[in-house]
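The values are calculated or read from the model by the stated rules, or taken from the named source; none is laboratory data. Here the structure is a predicted model, which is why all the values come from computation and not from measurement. As a convention, Cβ positions derive from the backbone with ideal geometry for all residues, glycine included, and neighbour counts pool all protein chains shown. Side chains are part of the model used for accessible areas, which takes the heavy atoms of the whole protein and leaves out ligands, DNA and RNA. Shrake-Rupley method; radii C 1.70, N 1.55, O 1.52, S 1.80 Å.
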Amino acid sequence: MAKINFFTEDITYTLKQKTLIRQWIEATIVKEGYQLEELNFILCSDAYLLRINQDYLRHDDYTDVITFDNSEALKTIVGDIFISLERIRENALAFNANVVDELCRVMIHGTLHLLGYKDKTKAAKTLMTAKEDEYLAKRP
């Protein structure tokens, strides 16, 4: 199995350019000084992600991404990133972006969480957005 894997749950979607996306995300991880062991992206529906949000985080609202850090060693990436494709499509319309660009933005956002970046305060969110922009500019 590859170090970066793509799965779907309860939806049908074919992600194109998987190899380029893998290389881009792995380069981001390495640039941040981390080692990649395993990273799974799971694309799903709003309903699927809402259940995860309710069951694991005790939140009762829709979101575009939920990241689970399963690493046991410092500076090591082992994680699962669940992404609602419905939210991605809705966000793409709202931000006048294409779906693949928005999906990549959310993928790098989830990856940045695994790299220790937060987005709960204004300052942290500003830094997170700057990092997203930095790495999105390096996307092939």
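Some observations on this one:
- Long pairs among Lys3/Lys122; Lys16/Lys118; Lys75/Lys131; Lys16/Lys138; Lys16/Lys75, criterion Cα-Cα beyond 25 Å: Lys3/Lys122; Lys16/Lys118; Lys16/Lys75
- Antiparallel %, DSSP beta bridges [both residues in region 1-117], to 5: 25 percent
- Here the dipole of region 1-76 is about 420 debye; that uses its Cα centre as origin and unit charges on the Cβ of Lys and Arg (positive) and Asp and Glu (negative).
- Ranked by how many other beta carbons lie within 10 Å on average, peptides 22-29, 81-88 from highest: 81-88, 22-29
- Hydrodynamic radius of region 75-140 per Kirkwood, over alpha carbon pairs, in Å: 12.6 Å
- On the basis of the beta-carbon distance and an R0 of 30 Å, Asp119 and Gln17 show a calculated FRET efficiency of 0.70.
- Efficiency of FRET from Cβ geometry, Asp60 and Ala27, R₀ 25 Å, rounded to 0.05: 0.10
- In the context of the full set of protein chains, region 54-140 has a per residue accessible area of 59 Å² (1.4 Å probe).
- Fully extending the segment from Phe7 to Ala73, taken as 0.36 nm per residue of separation minus the present Cα-Cα distance, adds 21.3 nm.
- Relative contact order computed over the chain (Cα-Cα under 8 Å; 6+ residues apart), in percent: 23 percent
- Computed over Cα pairs, the Kirkwood radius of the chain leads via Stokes-Einstein (1.306 mPa s, 10 °C) to a diffusion coefficient of 104 µm² per second.
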